Amino acid sequence: MNWYLGSCRPNKRDLFLKQLEFEIDKNQLGGLFLEPISPRDAMYKDLVLLQISDLPSARIHLKKIEQFHSYRTKGFIRTSSQTIFRQVNLRTGFYMLTQSDLILVAGATGGVGQLVAAKLLEKNLSVRILTRNRSQAEQMFDNQVDPSTSLRVNTERSRGVDIVVGDLRYPDTLTSATKDVTHIICCTGTTAFPSRRWDFTNFFNPKNTPQAVDGEGVKNLILATPSNLKRFVFVSSCGVLRKDSFPFNLLNAFGVLDAKLDSENILKSSGLPYTIIRPGRLIDGPYTSYDLNTLLRAKTDGKKAVVIGTGDTLNGETSRIDVANVCVECLNYDITINQALDLINSGTRPELIDWQKLFQEFS
Ligand SMILES: NC(=O)c1ccc[n+]([C@@H]2O[C@H](COP(=O)([O-])OP(=O)(O)OC[C@H]3O[C@@H](n4cnc5c(N)ncnc54)[C@H](OP(=O)(O)O)[C@@H]3O)[C@@H](O)[C@H]2O)c1
């Protein structure tokens, strides 16, 4: 199976894709054309990446579609999927994430989670939110909510937010949240020290503690995850391997780092492709205006550079915006699979972040 980069007539890509879908349905060409991928960058709005099993047969059908431009002009790039993805990733704004992916964001009403969901939506990807509070999520993601709430498949899946109500502490509530998802980004958490977020219905027996959420809860989510998941991203914390030294011994007074480390270990032994992110003390946000447009305007202007390390050796502050950036960007790079990344902000921030270079530095 090869990937081919084709060009459509100017501003006709959407029509071309619809027409192609029609051809595929009518002539049962599912085995010939696999999903088309469109670069998100406006600069490449007339290009489409197609996975094709047999080019001569595919040509016959492509020629019938008026909106498809002669491939002689821009040509097809015939190459292996790895190479093409690397090329398009770097040069044309294609992403390894495709529009048939469905990404579950757990904790999407939280500081990091809301930015993660906003970034995915900005890339026109299908997002599902696991939340305990539907009305808050509806308010936050406003008109991006998928009105049907029931999922449609592949290319028919609507881009937008599918809200599923669930609670990490109750495994039964997670089954529908994880059904058919291709990626999970888990940004859930509670406070490290006792607070009303621990849910003190019974003063002596709080219900939403680090042990319950960051420990058992994340474990429940891992257990509910489909085995063919492409990636499980888990937002952990710096200090998990330094729990006995200051200041992490204080941070861990109520067991938050113990719980995070337990979940890291369960994820590592789950067999799922994972990326663990260990930020320092979080800054920026949570944004209190629950409005997607406000979230997308949350910029890193004037912020420090992104520093990535391994082995839980970094100390410092981390912008929630960059935690969200790394949660999403890492999905585009295989080198981040089965890695635990420390993440802080330090030094001068370049105008544009070269994620591949950053991720390569630690691999
Ligand atoms: N704060 C720091 O300095 C720091 C440092 C390192 C790492 N971290 C980690 O970074 C991540 C993001 O932090 P943040 O401050 O942005 O998060 P946050 O604002 O506290 O958001 C936490 C999210 O978790 C959800 N949640 C809590 N209990 C849940 C449960 N039982 N079931 C399902 N969802 C539940 C919350 O939903 P509800 O709205 O329903 O409560 C909320 O969406 C967390 O994992 C945190 O532990 C934080």
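Being surrounded by fewer than 21 Cβ atoms within 10 Å (Cβ to Cβ) and closer than 19 Å to LEU168 by Cβ narrows it down to one residue among SER270, SER236; which is it?
The match here is SER270.
Do we find that LEU267 is modelled with pLDDT under 95, assigned to a helix (DSSP H, G or I) and assigned by TED's automatic domain parsing to the domain that holds ILE129 in this structure?
Taking the combined requirement at face value, the residue does not satisfy it.
Test of understanding: among LEU125, LEU121, LEU115, which residue is in contact with a Gly (Cβ under 9 Å, 6 or more places away or on another chain) and either more than 13 Å from the ligand (Cβ to nearest atom) or not assigned by TED's automatic domain parsing to the domain that holds GLY166 (or both)?
LEU121
Go through (1) more than 16 Å from the ligand (Cβ to nearest atom); (2) at pLDDT 90 or above and name the single condition ASN133 misses.
ASN133 satisfies every listed condition except (1).
Within region 195-213, restricting attention to residues that are surrounded by 13 or more Cβ atoms within 10 Å (Cβ to Cβ) and in a loop (DSSP other than H, G, I, E, B), which residue is nearest to the ligand (Cβ to nearest atom)?
Among those residues, the one meeting the criterion is ASN208.
Looking at SER237, SER227, which one is under 30 Å from THR182 (Cα atoms) and within 14 Å of the ligand (Cβ to nearest atom)?
Being under 30 Å from THR182 (Cα atoms) and within 14 Å of the ligand (Cβ to nearest atom) holds for just one of SER237, SER227, which is SER237.
Among the residues of region 189-207, is there at least one that is within 16 Å of LEU130 (Cα to Cα) and within 24 Å of the chain's Cα centre (by Cα)?
Taking every residue of region 189-207 in turn, at least one turns out to be within 16 Å of LEU130 (Cα to Cα) and within 24 Å of the chain's Cα centre (by Cα).
Residues to consider are LEU241, LEU250; find the one that is assigned to a loop (DSSP other than H, G, I, E, B), over 18 Å from the mean Cα position of the chain (by Cα) and surrounded by fewer than 23 Cβ atoms within 10 Å (Cβ to Cβ).
Answer to the check: LEU241.
Restricting region 329-358 to residues that are under 22 Å from ASP284 (Cβ atoms) and out of contact with any strand residue (DSSP E or B) (no Cβ under 7 Å at 6 or more places or on another chain), which is surrounded by the fewest Cβ atoms within 10 Å (Cβ to Cβ)?
GLU351
Of all residues in region 345-363 being touching a residue at least 12 places away in the same chain (Cβ under 8 Å) and of a type in the set (A, V, I, L, M, F, W, C), which is farthest from ALA324 (Cα to Cα)?
Filtering first and then ranking leaves PHE362.
Working only within region 332-344, note down all residues that are outside any loop (DSSP other than H, G, I, E, B) and either free of Cβ contacts under 8 Å to residues at least 60 places away in the same chain or farther than 17 Å from PRO279 by Cα (or both).
ASN332, ASP334, ILE335
Checking the structure you have, find out if any residue of region 150-173 is hydroxyl-bearing (Ser, Thr, Tyr) and modelled with pLDDT of 95 or more.
Yes, some residue in region 150-173 is hydroxyl-bearing (Ser, Thr, Tyr) and modelled with pLDDT of 95 or more.
Read through the list (1) within 24 Å of LEU115 (Cα to Cα); (2) touching a residue at least 24 places away in the same chain (Cβ under 8 Å), then give the number of the only condition that GLY255 fails.
Checking GLY255 against (1) within 24 Å of LEU115 (Cα to Cα); (2) touching a residue at least 24 places away in the same chain (Cβ under 8 Å), the one that fails is (1).
Per-residue answers, yes or no, for (1) in a helix (DSSP H, G or I); (2) away from the ligand (no atom under 16 Å from the Cβ); (3) modelled with pLDDT under 55:
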{"position": "PRO56", "(1), (2), (3)": "yes, yes, no"}
{"position": "ILE60", "(1), (2), (3)": "yes, yes, no"}
{"position": "THR98", "(1), (2), (3)": "no, yes, no"}
{"position": "MET140", "(1), (2), (3)": "yes, no, no"}
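Mind checking which pairs have a first residue in region 122-138 that is farther than 24 Å from THR98 by Cβ and a second that is of a type in the set (Asp, Glu) and surrounded by 14 or more Cβ atoms within 10 Å (Cβ to Cβ), Cβ under 8 Å, 6 or more apart or different chains?
Short answer, once both residue conditions are applied: ARG132/ASP167.
Go through region 307-328 and count every residue that is surrounded by 20 or more Cβ atoms within 10 Å (Cβ to Cβ) and under 22 Å from ALA108 (Cβ atoms).
Matching residues across region 307-328 total 10.
The values are calculated or read from the model by the stated rules, or taken from the named source; none is laboratory data. Please read these numbers as outputs of a predicted model, since none were measured by experiment. Don't worry about glycine lacking a Cβ; one is built from the backbone with ideal geometry, like all the others, and counts go over all protein chains shown.
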